[in-house]
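Right, one structure below, let's go through it.
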Amino acid sequence: MNGYSDREKLDEIQENLKYRFEDIELLDTALTHSSYANEHGMHASKSNQRLEFLGDTVLGLVVSEYLFMKYPFYPEGELTKIRAKVVSEPSLALAARRINLGNFLLLGKGEESTGGRDGDSILADASEAITGAIFMDSNYETVREFLLKNFETIIVKAVAKGSLFIDYKTGLQEKLQKITREKLVYTVVKEEGPDHNKLFHIDVSVGGDVIGSGIGRNKKEAEQMAAKEALILMGEDYD
């Protein structure tokens with residue numbers, strides 16, 4: 001193994017992925033960030049950067065094929081726009097958070113201390129690395145099935161709404177600025193679950209009054225959900 005000694009965690013991430021690796025070294029490498037490899041004197045090839053490069057290409061091909069076949073009357077320009085949204089950093093990070101991928105990454109101390117485990121860039125790169133690892137461990141059809149399970153909903157939303165990611169916190173801030181000078185405050189009211197699979201409960205309040213609550217796998221997600229609830233309670237429609 002490159003850097004992973006916790007076999008139970010490798011078993012757990014495979015459960016989350018709904019995929020079992022024939023070559024566990026590929027999974028190990030996909031979870032190893034370059035900061036960890038550098039810190040432990042490992043060769044650059046032992047980090048997930050090469051798999052990330054491969055996964056980026058595989059993901060682009062799978063999404064392009066899906067869009068080409070699913071939407072035969074869409075012009076090239078529209079297909080390109082949709083693909084760009086689907087394979088964007090926020091989209092890849094969202095897919096990573098759904099399987100708690102950040103909790104399984106091997107990071108250097110610097111990245112760990114600055115919250116890299118929940119950073120969009122690191123999570124997006126790890127999503128691509130996992131894609132590359134599954135492709136190398138199996139074949140195109142298997143990785144295609146894996147990606148469509150994780151990204152088909154994202155694709156459909158991109159087609160239907162033209163925008164995947166609504167920043168509810170910014171929306172709430174802008175809405176409240178028109179009616180009050182009080183600042184929004186986000187407060188963690190409860191944490192539950194083990195460190196590798198934690199749930200955060202957050203309230204958003206203004207002037208001491210709670211106006212929304214949210215739950216998420218990380219604080220950012222919980223804050224967004226709290227802001228969304230507040231906006232819905234204020235009459236916004238986000239169905």
What is the one condition in (1) in contact with a Ser or Thr (Cβ under 8 Å, 6 or more places away or on another chain); (2) more than 14 Å from Leu172 (Cα to Cα); (3) surrounded by 15 or more Cβ atoms within 10 Å (Cβ to Cβ) that Glu221 does not satisfy? (1)
Could you give every pair whose Cβ atoms fall below 9 Å, whose first residue belongs to the stretch 144-169 and is within 14 Å of Val62 (Cβ to Cβ) and assigned by TED's automatic domain parsing to the domain that holds Leu17, and whose second residue is of a type outside the set (Ser, Thr, Tyr) and at pLDDT below 75, counting only separations of at least 6 or pairs across chains? Ile154/Leu164
Out of Gly115, Gly119, which single residue is farther than 22 Å from Tyr19 by Cα, of a type outside the set (Asp, Glu) and in contact with a helix residue (DSSP H, G or I) (Cβ under 9 Å, 6 or more places away or on another chain)? Gly119
Being in a helix (DSSP H, G or I) and more than 30 Å from Lys157 (Cβ to Cβ) is the requirement here; does Asn38 meet it? yes
If I filter the stretch 126-134 for residues that are farther than 14 Å from Phe53 by Cα and either surrounded by 20 or more Cβ atoms within 10 Å (Cβ to Cβ) or in contact (Cβ under 8 Å) with a residue 24 or more places away in the chain (or both), do I get at least one hit? no
Restricting the search to the stretch 86-102, which residues are of a type outside the set (A, V, I, L, M) and either surrounded by fewer than 21 Cβ atoms within 10 Å (Cβ to Cβ) or under 16 Å from Ile215 (Cα atoms) (or both)? Ser88, Glu89, Pro90, Arg97, Arg98, Asn100
Going through the stretch 195-239 one residue at a time, which ones are within 21 Å of Ile179 (Cα to Cα), among the small types (Gly, Ala, Ser) and modelled with pLDDT of 85 or more? Ser205, Gly207, Gly208, Gly212, Ser213, Ala226, Ala227, Ala230
Selection from the stretch 108-119 of residues touching a residue at least 24 places away in the same chain (Cβ under 8 Å) and either among the hydrophobic types (A, V, I, L, M, F, W, C) or touching a Leu at 6+ places or on another chain (Cβ under 8 Å) (or both) yields Gly116
For the stretch 28-39, check the following and say yes or no: at least one residue is β-branched (Val, Ile, Thr), over 20 Å from Phe135 (Cα atoms) and buried (at least 17 other Cβ atoms within 10 Å of the Cβ). no
For the stretch 4-23, pairs from a residue that is over 19 Å from Ala95 (Cβ atoms) to a residue that is among the charged types (D, E, K, R) and at pLDDT 90 or above, with Cβ under 6 Å and 6 or more apart or across chains, are Tyr4/Asp28; Glu22/Asp137; Asp23/Asp137
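Give the residue, chosen from Ser64, Ser45, that is in a helix (DSSP H, G or I), in the same structural domain as Ala129 (by TED's automatic domain parsing), of a type in the set (Gly, Ala, Ser) and touching a Lys or Arg at 6+ places or on another chain (Cβ under 8 Å).
Ser64
The values are calculated or read from the model by the stated rules, or taken from the named source; none is laboratory data. What you see is a predicted model, and the numbers here were worked out from it, not measured in a lab. Please note: Cβ atoms are built from the backbone with ideal geometry, for glycine as well, and neighbour counts cover all protein chains shown.
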